[in-house]
Amino acid sequence: MVLRPCSSALFTGQQAYLDRLKNYFSIRNGQGVAPRRSFLIHGLGGMGKTQIALKFAEEISSQYEYVFWVDATNEDTMSASLKGISSIPDAKRAGVDANPEAVLYWIASLSKE
């Protein structure tokens with residue numbers, strides 16, 4: 001289940017960043033399990049951070065059961081993104097309401113990659 005916008009058709013370059021992200025998220029522990037990981041992409045506005053993240057999500061989406069896009073621009077956009085996640089079928093079946101804390105709890109409880 002992928003819930004995110006699409007990258008620009010004009011996106012080019014930045015392969016070093018994409019490779020770094022792929023390597024970071026492919027790390028497994030001794031039992032072959034990938035731990036939950038976070039990665040912060042930062043820089044000045046207009047540098048392409050969003051496009052790198054979107055392109056990465058497109059390229060790895062088939063390897064994961066879920067890929068969620070949360071706009072963390074501010075508290076309102078974050079709440080709206082989490083509310084959107086609560087409307088996907090798996091979240092509805094789990095009884096997740098539109099409360100951001102409930103959505104985060106559900107995401108944390110997921111056992112699939």
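The values are calculated or read from the model by the stated rules, or taken from the named source; none is laboratory data. What you see is a predicted model; the values in this text were computed from it and never measured. Note that each Cβ is placed from the backbone with ideal geometry, even for glycine, and that neighbours are counted across all protein chains shown. Only protein heavy atoms, including side chains, enter the accessible area calculation; ligands, DNA and RNA are left aside. Shrake-Rupley method; radii C 1.70, N 1.55, O 1.52, S 1.80 Å.
Pull up segment 93-111, narrow it to residues that are more than 15 Å from the chain's Cα centre (by Cα) and under 14 Å from TYR66 (Cβ atoms), then point me to the one that is most open to solvent (accessible area, probe 1.4 Å). Only one residue fits best here, namely ARG93. Here LEU40 meets the list (1) aliphatic (A, V, I, L, M); (2) exposed (fewer than 10 other Cβ atoms within 10 Å of the Cβ); (3) at pLDDT below 80 almost entirely, failing just condition (3).
Name every residue in segment 65-88 that is part of a helix (DSSP H, G or I), free of Cβ contacts under 8 Å to residues at least 12 places away in the same chain and open to solvent by 50 Å² or more (accessible area, probe 1.4 Å), in order of residue number. Those that are part of a helix (DSSP H, G or I), free of Cβ contacts under 8 Å to residues at least 12 places away in the same chain and open to solvent by 50 Å² or more (accessible area, probe 1.4 Å): GLU75, ASP76, ALA80. Given the options VAL103, VAL96, name the one that is in a loop (DSSP other than H, G, I, E, B), touching a helix residue (DSSP H, G or I) at 6+ places or on another chain (Cβ under 8 Å) and at pLDDT 90 or above. VAL96 is the lone residue from the list that is in a loop (DSSP other than H, G, I, E, B), touching a helix residue (DSSP H, G or I) at 6+ places or on another chain (Cβ under 8 Å) and at pLDDT 90 or above. Consider LYS22 carefully, then state whether it is surrounded by fewer than 16 Cβ atoms within 10 Å (Cβ to Cβ), basic (Lys, Arg) and at pLDDT 85 or above. It is true that LYS22 is surrounded by fewer than 16 Cβ atoms within 10 Å (Cβ to Cβ), basic (Lys, Arg) and at pLDDT 85 or above.
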